[in-house]
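A.B. asks: Can you read through this structure? Questions will come right after.
The values are calculated or read from the model by the stated rules, or taken from the named source; none is laboratory data. Just so we're clear, the structure is a prediction, and the values are computed from it rather than from any experiment. Glycine gets a Cβ as well: all are built from the backbone with ideal geometry, and neighbour counts include every protein chain shown. Remember, those area values only see protein heavy atoms, side chains included, never the ligands or the DNA or RNA. Shrake-Rupley method; radii C 1.70, N 1.55, O 1.52, S 1.80 Å.
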Amino acid sequence: MKIGILTSSSLSDFQVKTLLPILADKKFEMKVAIIDKRPKKTLKQKLLKNIKRGRGGYIFIMAIKNFYLKKKQSISTEEFCKNNEIEIIETKSPYSSRTIDKIKEYELDVLLLVGGFGIIKEVLLSVTPKGVLSYHHGNMRKYRGMPPALWELYNNEKEMGVTVQILSPGLDCGIPVEEKTIEIRKNDTLEKLKNRVYEQSIDMFYQALIKLSTEVFMPKTIKTFGKVFTLPNLKQWLILNIKVLFRILKYKFHKSNQI
């Protein structure tokens with residue numbers, strides 16, 4: 001199976017880990033990385049946009065928090081491709097006929113959305129026979145959109161889903177190929193839950209490709225999709241943190257009474 005990846009100029013540690021088992025399997029040939037080189041919005045532009053949508057307080061707090069947090073490991077996509085003998089197409093116009101024709105030259109079977117690109121347009125969704133595979137850290141029957149794990153915690157769910165889907169037009173309304181359910185523990189913070197969810201979903205791209213490479217696999221469509229969630233406002237973020245604090249205190253009190 002010939003594979004292409006849609007990505008940005010850098011790959012996170014999680015993104016690299018999802019690709020490694022695919023590279024190790026000789027059944028799969030990663031031919032090309034299409035790198036989205038369109039200019040990214042600045043922090044100021046993002047802040048102004050979210051202020052207009054009533055989410056400026058949350059974005060401001062996250063910006064301060066991220067400033068003090070240790071930066072997550074990443075590698076340049078160019079370096080990753082060089083190390084793994086993957087060709088590169090860099091483009092500032094990913095939907096132009098020139099870019100689409102270049103992708104078609106590789107006669108790929110499937111594309112993997114690894115980073116960048118935003119919501120994929122129809123012209124890219126249909127450029128390969130098996131479409132575009134993408135992660136969604138959520139169960140699309142209940143939770144579409146973002147951020148991962150936040151709204152499940154906010155709504156006191158006992159578990160959350162992870163999906164690798166064949167993308168369709170629109171947001172998180174594709175065809176699930178590989179799905180997994182992750183327990184939400186009583187002592188989970190948002191960061192702890194997110195880390196566990198990402199860690200336990202590393203192999204899902206690979207497992208989805210194995211399914212797609214067999215002729216007998218018939219993915220089942222979802223009849224009813226869930227609500228689309230987005231970034232919280234400051235009030236919702238504060239409520240989440242209060243809920244999480246009470247959950248953890250209750251958990252610790254329960255544990256101490258068992259000793």
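A.B. asks: Go through the stretch 1-17 and report how many residues are of a type outside the set (Val, Ile, Thr), assigned to a helix (DSSP H, G or I) and touching a Phe, Trp or Tyr at 6+ places or on another chain (Cβ under 7 Å). Write out each step before concluding.
C.D. replies: From the stretch 1-17, those of a type outside the set (Val, Ile, Thr) are 1-2, 4, 6, 8-15, 17; that's our starting set.
Keeping just the survivors that are assigned to a helix (DSSP H, G or I) gives 13-15, 17.
Still in the running and touching a Phe, Trp or Tyr at 6+ places or on another chain (Cβ under 7 Å): 14.
Of the residues in that region, 1 qualify.
A.B. asks: Restricting attention to the stretch 197-214, does a residue exist that is more than 25 Å from Leu23 (Cα to Cα), open to solvent by 20 Å² or more (accessible area, probe 1.4 Å) and among the charged types (D, E, K, R)?
C.D. replies: Keep residues of the stretch 197-214 that are more than 25 Å from Leu23 (Cα to Cα), which gives none.
Scanning the stretch 197-214 turns up no residue that is more than 25 Å from Leu23 (Cα to Cα), open to solvent by 20 Å² or more (accessible area, probe 1.4 Å) and among the charged types (D, E, K, R).
A.B. asks: Another question, if that's okay. All but one of (1) part of a loop (DSSP other than H, G, I, E, B); (2) farther than 18 Å from Glu179 by Cβ; (3) of a type in the set (A, V, I, L, M, F, W, C) hold for Met140; which doesn't?
C.D. replies: (2)
A.B. asks: Provide a single number: the residues in the stretch 109-136 that are under 22 Å from Ser74 (Cα atoms) and open to solvent by 20 Å² or more (accessible area, probe 1.4 Å). Can you show your working first?
C.D. replies: Just the residues of the stretch 109-136 that are under 22 Å from Ser74 (Cα atoms), to begin with: 111-118, 133-136.
From what's left, open to solvent by 20 Å² or more (accessible area, probe 1.4 Å): 113, 116, 118, 135.
Adding up the residues that qualify gives 4.
A.B. asks: While we're here: Can you tell me how many residues in the stretch 61-83 are open to solvent by 90 Å² or more (accessible area, probe 1.4 Å) and either modelled with pLDDT under 95 or touching a Ser or Thr at 6+ places or on another chain (Cβ under 7 Å) (or both)?
C.D. replies: Of the residues in the stretch 61-83, 8 are open to solvent by 90 Å² or more (accessible area, probe 1.4 Å) and either modelled with pLDDT under 95 or touching a Ser or Thr at 6+ places or on another chain (Cβ under 7 Å) (or both).
A.B. asks: Scan (1) touching a residue at least 60 places away in the same chain (Cβ under 8 Å); (2) open to solvent by less than 80 Å² (accessible area, probe 1.4 Å); (3) farther than 21 Å from Val162 by Cβ for the single condition Lys250 breaks and write down its number.
C.D. replies: The number of the failed condition is (2).
A.B. asks: Which count do you get for residues in the stretch 139-157 that are without any contact (Cβ under 8 Å) to a residue 60 or more places away in the chain and either open to solvent by 20 Å² or more (accessible area, probe 1.4 Å) or touching a Lys or Arg at 6+ places or on another chain (Cβ under 7 Å) (or both)?
C.D. replies: The number of residues fulfilling the criteria is 4.
A.B. asks: Still on this structure, I have one more. I'd like to verify a number: residues in the stretch 97-125 that are free of Cβ contacts under 8 Å to residues at least 60 places away in the same chain, over 19 Å from Pro176 (Cβ atoms) and assigned to a loop (DSSP other than H, G, I, E, B), how many?
C.D. replies: 3
A.B. asks: Is at least one residue of the stretch 11-29 surrounded by fewer than 16 Cβ atoms within 10 Å (Cβ to Cβ) and either more than 20 Å from Asp203 (Cα to Cα) or in contact with a His (Cβ under 8 Å, 6 or more places away or on another chain) (or both)?
C.D. replies: no
A.B. asks: Here is a further query. Residue by residue through the stretch 84-96, note down the ones that are touching a strand residue (DSSP E or B) at 6+ places or on another chain (Cβ under 9 Å) and either open to solvent by less than 20 Å² (accessible area, probe 1.4 Å) or without any contact (Cβ under 8 Å) to a residue 12 or more places away in the chain (or both). Working first, answer last.
C.D. replies: Keep residues of the stretch 84-96 that are touching a strand residue (DSSP E or B) at 6+ places or on another chain (Cβ under 9 Å), which gives 84-92, 94.
Scanning the stretch 84-96 gives Glu85, Ile86, Ile89, Thr91, Pro94.
A.B. asks: Based on what the data block shows, is Glu179 in a helix (DSSP H, G or I), open to solvent by 80 Å² or more (accessible area, probe 1.4 Å) and either under 30 Å from Lys27 (Cα atoms) or out of contact with any Phe, Trp or Tyr (no Cβ under 9 Å at 6 or more places or on another chain) (or both)?
C.D. replies: Numbers: in a helix (DSSP H, G or I): no; open to solvent by 80 Å² or more (accessible area, probe 1.4 Å): yes; either under 30 Å from Lys27 (Cα atoms) or out of contact with any Phe, Trp or Tyr (no Cβ under 9 Å at 6 or more places or on another chain) (or both): yes.
No; evaluated as a whole, the condition is false for this residue.
A.B. asks: Okay, moving on. Working only within the stretch 2-37, note down all residues that are of a type in the set (Lys, Arg) and over 20 Å from the mean Cα position of the chain (by Cα). Talk me through it step by step, then tell me what you get.
C.D. replies: Filtering the stretch 2-37 down to residues of a type in the set (Lys, Arg) leaves 2, 17, 26-27, 31, 37.
The answer is Lys2, Lys26, Lys27, Lys31.
A.B. asks: Here is a check on your reading of the model: is Met160 assigned to a strand (DSSP E or B), open to solvent by less than 60 Å² (accessible area, probe 1.4 Å) and modelled with pLDDT of 95 or more? If you could, list the steps in order and put the result at the bottom.
C.D. replies: Numbers: assigned to a strand (DSSP E or B): yes; open to solvent by less than 60 Å² (accessible area, probe 1.4 Å): yes; modelled with pLDDT of 95 or more: yes.
Answer is yes for this residue.
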